[in-house]
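Have a look at the structure below before the remarks.
The values are calculated or read from the model by the stated rules, or taken from the named source; none is laboratory data. Note that the coordinates shown come from a computational prediction; the quantities given were computed from them, not determined experimentally. Please note: Cβ atoms are built from the backbone with ideal geometry, for glycine as well, and neighbour counts cover all protein chains shown. Ligands, DNA and RNA are stripped out before the accessible areas are found, and what is left, the full protein with its side chains, is counted by its heavy atoms. Shrake-Rupley method; radii C 1.70, N 1.55, O 1.52, S 1.80 Å.
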Amino acid sequence: MQETGFILIQTLLILIGISALVLVGCLQLDESVKQLKLEQEGLQLESLVRAATKDCQTDETLRYPIGTVTCTRTDKGFKMKAVLDNGQGIEAVVSDG
């Protein structure tokens, strides 16, 4: 009977260890996914600003498939505010020269 209890305890400890490893793996995967998403949003914001650099003519708001860019004319170029459809945004200053 003691041997059966010992085997049950060992099995329980092994299952707890495996569960802990799976949890740690899931947390690492979650962080990786978050990092990739941030990088993707950064690239999308950069592409919005690049597109608007060519498209801005006056003070206007330009609509693109992934978001909008608000252009404000300054004496040296444009101040731009790019916003993705998910709400992430960035501001940039683009000079004429």
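Side notes on the structure shown:
- Cysteines not pairable in the chain (beta carbon separation under 4.7 Å absent): CYS26
- Heavy-atom accessible surface of the chain: percent carbon and sulfur, 1.4 Å: 62 percent
- Per-selection Rg to Rh, region 20-67 - Cα, Kirkwood hydrodynamic radius: 1.32
- Paramagnetic reach from ASP85 (point 7 Å along Cα→Cβ, amide N under 17 Å) across region 18-61: 40-49
- Computed [θ] at 222 nm, deg cm²/dmol, the chain (DSSP H ≥ 4; -39,500 (n - 2.57); rounded to nearest 500): -21000 deg cm²/dmol
- Values of log10 I(q)/I(0), in the order q = 0.17 Å⁻¹, for the chain under a Debye, Cα-only, solvent-free model: -0.77
- Probe 1.4 Å, accessible area per residue of the chain, Å²: 77 Å²
- A dipole drawn for region 1-88 from +1 and -1 charges on Cβ atoms has a positive end, and of SER19, PHE78, LEU45 the residue lying farthest that way is PHE78.
- Distance between the pseudo-spin-label points of ASP30 and VAL94 (7 Å out from Cα toward the beta carbon): 3.8 nm.
- Ranked by solvent-accessible area (1.4 Å probe, protein heavy atoms only, all chains present), the residues LYS76, LYS81 order from largest to smallest as LYS76, LYS81.
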